[in-house]
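Here is the structure we will look at, set down as structure tokens.
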Amino acid sequence: MHLFFGALVTESNSFSNIPTSRRSFIEYSGADALTAEFLLSDVVRRFALRASELGAATSIGLCAYAAPGAPVVHADYLALRARLLEDLERALPVSAVFLFLHGAMLSDACLDCEGDVLREVRKTVGAKTPVLVALDPHAHLTRDMIEQSDLLAFMKEYPHTDGAKRIDDLFRVAQSLLAGQPRPAAGVADCRIVGIWPTQLPPIRALTDRLESLQDSEHIVSVSFVHGFPWGDTPDTGGRVLVYARERASAQHLADALAAEIWAIRSASQPQLLTVDGALDAVESAPDGPVVLADFADNAGGGAPADSTFILRAVLERGLEDVAFAIFYDPLLVDFCRQVGVGARVRARIGGKLSSFSGTPVDLEVEVKGLAHEATQRAFGTATDRLGDTAWVCGGGVDVILSSVRTQCFDPTAFTHLGLDCGTRRALVVKSMNHFQTGFAPLARRTLWVGTPGALNADFGHLPYRVFDKPYWPRDEGPFA
């Protein structure tokens, strides 16, 4: 048995101005992909572990990841696709192909990069070789993705802590296919909803738990709630349910039933965002801390600049102290801090640099409290995320963590790697939408989502789509009519 693995992962925000090119990607292959510490490490290593348990030979092709931003420069997307296919061709013949893709990758000339990749992979290996794919639930489920693969297994959790489990799903189905079982039949139901579903919150928590239990292998092979990525403007934007079963009728029946359940809880399952003033009122009235405030719209993990100043400015104007922020993407200010060193003072211009969503810069005299070179933070509990060079500055009663790599705040290690004790702060403002939950939940006295202007506008009923033209909730109260 000879198994191939490859990964090509980024999430494209049609409304972001942050360019995504070949230079945006971290790329590994072969043994390097197994030893490197990056966001895909867990899934690559899980593949290798499961393959070794079967005594299979393996070939690990391109494993590439870029932080979310605007659609990828098309020539660079084609170059990445070519690299992945060349690695696959060199590995032939293979018994099965395993891929980890995002599901919401766009180029400036392609609105379905995953479907395009899978079509080329299928041409390379032929119709009989199993092609199995694990994906992010914030994806656009397309016809090509389904038709050009044998199984698509979308992560069920948000935060995405179950990537390794989905690799297990792929191996379970691969063994069945290689033993001669027929390809499972797919059933798809369109929820007609554009939204976001943090799975730690009721009522979506109960449904997410049920998805796992519905996979009985004998009849129902795989069940996925594909949340969709609201800020990707494609013909297939929006939430869907995908079910694989031994019989097509069973797959479609269950997909329809689950989509109806999701429709019934559409309002109750969406996170409630506070205004900046409402969130800071809650901080001021809290008996103790830290209160964690999520800067929802400035999440680099969805393509935002991660340098907006709306909450920072409001905190300073109120005179609130013991408030810490992470992570501001500001490589120029990090460099200034490195030039003067720890203990020095800098007249800093913080944030407000990258886009119309960034607000205006905040000018503040600060002390450099900490510096780190090629720093990392923990992500999803076990993975590693790169921060580049970082700096901790303090002024006006607030602490700000700055990075030279644009990324969201996943974990308290974003603060503590520089020596900042999160537990002593009144509030922690994290530039993240929901992935921070895994790390911060044990620490937070209370967690609040804050609505600010940004590339991740949560007013889903008024997103400025140009391509996506189907009726959907909340824009249309009766989209099925």
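Here are the numbers for this structure:
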{"item": "Cβ pairs under 6 Å, 6+ apart, first in the stretch 88-101 and outside the structural domain of Lys123 (by TED's automatic domain parsing) and closer than 13 Å to Val173 by Cβ, second surrounded by fewer than 24 Cβ atoms within 10 Å (Cβ to Cβ) and among the aliphatic types (A, V, I, L, M)", "result": "none"}
{"item": "So Thr124, is it over 23 Å from Phe229 (Cα atoms), outside any strand (DSSP E or B), assigned by TED's automatic domain parsing to the domain that holds Leu207 and among the hydroxyl-bearing types (Ser, Thr, Tyr)", "result": "yes"}
{"item": "Residue among Ala174, Ala139, Ala164 that alone is touching a residue at least 12 places away in the same chain (Cβ under 8 Å), closer than 27 Å to Met433 by Cα and crowded, with 24+ Cβ neighbours inside 10 Å", "result": "Ala139"}
{"item": "Tally, over the stretch 28-38, of residues that are under 20 Å from Phe380 (Cα atoms) and either out of contact with any strand residue (DSSP E or B) (no Cβ under 7 Å at 6 or more places or on another chain) or surrounded by fewer than 23 Cβ atoms within 10 Å (Cβ to Cβ) (or both)", "result": "5"}
{"item": "Odd one out for Leu85, checked against (1) more than 16 Å from Leu170 (Cα to Cα); (2) crowded, with 19+ Cβ neighbours inside 10 Å", "result": "(2)"}
{"item": "Cross-chain or 6+ apart pairs with Cβ under 6 Å, the stretch 1-16 first and within 26 Å of Ser358 (Cα to Cα), then surrounded by fewer than 24 Cβ atoms within 10 Å (Cβ to Cβ) and acidic (Asp, Glu)", "result": "Ser14/Asp233"}
{"item": "Condition broken by Gly115, with the remaining ones in (1) in a helix (DSSP H, G or I); (2) in contact with a Phe, Trp or Tyr (Cβ under 7 Å, 6 or more places away or on another chain); (3) more than 21 Å from Thr208 (Cα to Cα) satisfied", "result": "(2)"}
{"item": "Sole exception among (1) at pLDDT 95 or above; (2) farther than 27 Å from Asp168 by Cβ for Pro271, by number", "result": "(1)"}
{"item": "Test: residue in the stretch 295-308 that is outside any loop (DSSP other than H, G, I, E, B), surrounded by fewer than 23 Cβ atoms within 10 Å (Cβ to Cβ), in contact (Cβ under 8 Å) with a residue 12 or more places away in the chain and among the acidic types (Asp, Glu)", "result": "no"}
{"item": "Residue within the stretch 58-67 that is of a type in the set (S, T, N, Q) and surrounded by 15 or more Cβ atoms within 10 Å (Cβ to Cβ) present", "result": "yes"}
{"item": "Strands (runs of 3 or more DSSP E) wholly inside the stretch 322-432 that include at least 2 residues being at negative phi and of a type in the set (S, T, N, Q)", "result": "362-379, 383-395"}
{"item": "Where Arg246 falls short, out of the listed (1) outside the structural domain of Gly180 (by TED's automatic domain parsing); (2) surrounded by fewer than 24 Cβ atoms within 10 Å (Cβ to Cβ); (3) more than 30 Å from Cys113 (Cβ to Cβ)", "result": "(1)"}
{"item": "Lone qualifier among Gly395, Gly478, Gly461 - being farther than 25 Å from Arg23 by Cα and touching a Lys or Arg at 6+ places or on another chain (Cβ under 7 Å)", "result": "Gly461"}
{"item": "Residue match in the stretch 420-443 (condition: free of Cβ contacts under 8 Å to residues at least 60 places away in the same chain and hydroxyl-bearing (Ser, Thr, Tyr))", "result": "no"}
{"item": "Counted residues, the stretch 394-414 - those being of a type in the set (D, E, K, R) and within 16 Å of the chain's Cα centre (by Cα)", "result": "2"}
{"item": "Residue check for Asp385: touching a strand residue (DSSP E or B) at 6+ places or on another chain (Cβ under 7 Å) and buried (at least 19 other Cβ atoms within 10 Å of the Cβ)", "result": "yes"}
{"item": "Enumeration of residues in the stretch 135-169 that are among the aliphatic types (A, V, I, L, M), in contact with a helix residue (DSSP H, G or I) (Cβ under 7 Å, 6 or more places away or on another chain) and in a loop (DSSP other than H, G, I, E, B)", "result": "Met155"}
{"item": "Matching residues, the stretch 449-461, being surrounded by 19 or more Cβ atoms within 10 Å (Cβ to Cβ) and outside any loop (DSSP other than H, G, I, E, B)", "result": "Trp449, Val450"}
{"item": "Helices (runs of 4 or more DSSP H) (entirely within the stretch 1-104) containing at least 3 residues that are under 18 Å from the mean Cα position of the chain (by Cα) and closer than 18 Å to Ala134 by Cα", "result": "41-53"}
{"item": "Cβ-Cβ under 9 Å pairs, at least 6 apart or on other chains, the stretch 39-61 side over 19 Å from Thr384 (Cα atoms), far side among the acidic types (Asp, Glu)", "result": "Arg50/Asp168; Ser59/Asp87; Ile60/Asp32; Ile60/Asp87; Gly61/Glu86; Gly61/Asp87"}
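Each row is one residue, and each column tells you yes or no for (1) modelled with pLDDT under 95; (2) in contact with a Cys (Cβ under 7 Å, 6 or more places away or on another chain); (3) surrounded by fewer than 16 Cβ atoms within 10 Å (Cβ to Cβ); (4) acidic (Asp, Glu).
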residue	(1), (2), (3), (4)
Asp209	no, no, yes, yes
Val221	no, no, no, no
Gly228	no, no, no, no
Thr234	no, no, no, no
Thr237	no, no, no, no
His253	no, no, yes, no
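The values are calculated or read from the model by the stated rules, or taken from the named source; none is laboratory data. Keep in mind that this is a model prediction, so the values were computed, not measured. With ideal geometry, Cβ positions are generated from the backbone for all residues, glycine too; neighbour counts draw on all protein chains shown.
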